[in-house]
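So the structure is just underneath, and the comments pick up after that.
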Amino acid sequence: MTPQTFIQRWRGADGSERANYQSFFNDLCELLDVDKPDPARADTRDNAYVHERHIKSQDGRSVGDNRYIDTYRRGGFIAEGKAFYAGSLTASDNSKLQNARAQAEAYARSLPAHEPWPALLMVINVGRFIALYAQFKDKSRAYEMFPDKQGYLIRIDDLADDAIRQRLRQLWINPQALDPELTAARVTRTVAEPLGQLARSLRSEGHGAPEIAGFLTRCLFSMFAEDVGLLPAGAFTRLLETAIAEPDERPACFVGDIGELWQKMDSGGYSVALRQTIPHFNGKLFKAPAVIALKRAQIEILHAAARQDWKHVEPAIFGTLMERSLDADERHALGAEYTPRAYVERLVLPTLIDPLRREWDTIRSDAIKAWERGQHQKAPKILRQFHHRLCTLRVLDPACGSGNFLYIALEHLKRLEAEVLEQLEAMNTTQSLESEGLTVDPHQFLGIELNPRAAAIA
């Protein structure tokens with residue numbers, strides 16, 4: 001089935017969930033070129049991939065003991081079908097979406113202990129959208145929008161996009177491959193070792209650790225900025241390519257072009273090297289934008305790293321490279337070793353995020369109930385009060401190193417904020433928040449650190 005045929009067939013279908021869901025799901029399988037569900041068997045142990053998978057409720061929320069998952073794929077996903085008739089997510093529809101998500105999550109927790117944990121949930125609004133939620137690591141924690149607030153809602157017309165169809169196809173083929181932590185680890189390993197070698201080679205040429213750490217951090221930030229849209233696409237990479245094309249062993253244009261770009265990133269304004277206007281970066285990273293004159297072979301190492309997709313690079317690499325630019329004795333004295341994300345989350349999630357998520361579950365439920373009772377001023381007020389709490393929390397790491405714990409705490413708090421804003425958006429009340437500039441931001445995350453280079457990177 002072609003995307004155009006699928007979209008035309010199902011766009012705006014207004015029949016009931018019971019009438020349309022299984023037909024829609026089976027057509028989706030055809031579109032994605034994956035297997036359709038098997039016939040269900042009386043023994044649920046045989047039902048690895050079926051519609052209407054029977055389970056016994058264990059979560060205390062579902063009505064009755066016997067429940068049926070709309071579609072279940074063992075070790076892959078749970079799909080819950082619903083019929084929302086509005087063209088966009090109104091507050092009422094958002095409420096139905098959250099209830100469907102909670103229902104699917106309850107099914108996941110009610111699966112028999114021997115069943116593998118389903119990493120993903122799909123809420124399918126037949127003919128309108130598919131909402132994705134993921135929890136790859138720990139079934140004691142809530143599922144989150146996947147991959148994020150901007151991309152978790154796949155509307156029917158979005159299925160014309162090959163990249164989106166490939167993402168959905170992975171739910172059948174290899175759902176664990178969608179785990180962003182695995183992608184980040186793979187890309188980070190790809191760039192970390194050669195850049196570490198570059199740091200050591202610069203050290204052997206007599207450059208000091210503070211100079212190397214500052215220079216490499218500015219390079220890494222520039223690679224990241226061009227891939228997430230803070231700089232024009234490919235801006236930094238093009239300057240590296242220009243330098244590599246020069247005949248000199250140490251291309252003079254490298255120092256001039258990169259230095260001019262970094263000066264403009266510090267102040268904002270028109271870049272002669274790029275012939276484009278560059279925004280002002282206010283993190284003080286470019287206040288002293290010194291550029292080390294590299295050899296062509298060293299620039300080629302930077303260029304190979306810049307060609308990676310830096311949207312997926314683990315930000316902890318900033319600290320890792322700083323540590324590799326220190327000598328072995330200093331690194332040992334500081335205890336400056338790279339802490340994997342999983343270890344960081346083992347502390348950050350139970351101390352900061354999990355208590356807030358429990359609070360959020362109650363707040364969201366109260367707000368939805370108030371809205372459905374017609375209390376259209378009270379409902380968003382409940383949400384705004386919780387949002388204000390998120391935006392005024394302060395987090396302290398008393399030995400922050402290069403900021404890995406603070407960064408991951410910020411990331412998870414932003415994910416939680418995205419869910420609050422999604423609910424407010426359905427009630428048409430986010431505009432005032434934007435005008436007030438009220439958002440979770442780095443000013444809330446504080447650290448104490450003795451090493452000035454680590455503190456600067458943090």
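The values are calculated or read from the model by the stated rules, or taken from the named source; none is laboratory data. Note that the structure is a prediction, hence the values are computed from the model and not measured. Glycine gets a Cβ as well: all are built from the backbone with ideal geometry, and neighbour counts include every protein chain shown. Just the protein is used for accessible areas: all its heavy atoms, side chains included, with ligands, DNA and RNA removed. Shrake-Rupley method; radii C 1.70, N 1.55, O 1.52, S 1.80 Å.
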### Query
Starting at 0 and stepping by 5 Å, how many percent of the alpha carbon pairs of segment 159-260 end up in each bin?
2, 10, 13, 17, 19, 13, 9, 7, 7, 4, 1
### Message
Just to make sure I understand: if all protein chains stay in place, what is the order of 38, 158 by accessible area at 1.4 Å, largest first?
### Response
38, 158
### Fully extended contour minus Cα-Cα distance, from residue 438 to residue 148, at 0.36 nm per residue
102.4 nm
### Message
From Cα pairs below 8 angstrom and at least 6 apart in sequence, can you work out the relative contact order of segment 163-282, rounded to a whole percent?
### Response
11
### Task
Could you please state, rounded to a whole Å, how far the C-alpha centre of segment 105-174 is from the C-alpha centre of segment 209-247?
35
### Task
Holding the Cα-Cα limit at 18 Å, pick out from 149/311; 56/137; 82/414; 96/137 the pairs that are longer than that.
56/137; 82/414; 96/137
### Message
If DNA, RNA and ligands are ignored and the probe is 1.4 Å, what is the ranking of 53, 275 by accessible area, most exposed first?
### Response
275, 53
### Message
Distances longer than 16 Å among the Cα atoms of segment 242-320: what percent of all pairs is that?
### Response
62
### Task
With a 1.4 Å probe and every protein chain left in place, work out the accessible area per residue of segment 376-457 in Å², rounded to a whole number.
51
### Query
Extent of segment 373-417 along each principal axis, from alpha carbon coordinates, in Å, largest to smallest?
50, 16, 9
### Message
I want the local charge near residue 152. Using Cβ-Cβ distances under 12 Å, sum +1 for each Lys or Arg and -1 for each Asp or Glu among the other residues.
### Response
0
### Query
By a straight-distance test (C-alpha under 23 Å), which lysines pair with residue 287 as possible cross-link partners, with residues fewer than eight away in the same chain excluded?
264
### Query
Can you list the residues, at least 5 places off or on another chain, whose amide H is less than 5 Å from the amide H of residue 82, using H built in the peptide plane?
124, 125, 126
#### Entry: Sparse-neighbour loop sites [GluC sites (Glu not before Pro); segment 238-300; at most 16 other C-beta within 10 Å; DSSP]
249
### Summary
Percent relative contact order for the chain, counting Cα pairs under 8 Å at least six residues apart, stands at 12
### Message
Suppose each label sits 7 Å from its Cα in the direction of the beta carbon; what would the residue 246-residue 342 distance come out to in nanometres?
### Response
4.5
### Task
Work through the residues other than residue 246 whose Cβ is under 11 Å from its Cβ and net out their charges, Lys, Arg +1 and Asp, Glu -1.
-2
### Task
Keeping the other protein chains in place, figure out the carbon and sulfur percent of the accessible area of the chain, with a 1.4 Å probe.
50
#### Entry: Spatially proximal lysines relative to residue 36 (Cα-Cα < 19 Å; intrachain offsets below 8 disregarded)
none
### Task
Kindly report, to the nearest 10 Å², the accessible surface of residue 138 as traced by a 1.4 Å probe over protein heavy atoms only.
50
### Query
In the chain, how does Rg compare with the Kirkwood Rh, expressed as the Rg/Rh ratio over alpha carbon atoms?
1.01
### Task
Go ahead and estimate [θ] at 222 nm for the chain from helices alone: -39,500 (n - 2.57) per DSSP H run with n ≥ 4, summed, over the residue count, rounded to 500.
-16000 deg cm²/dmol
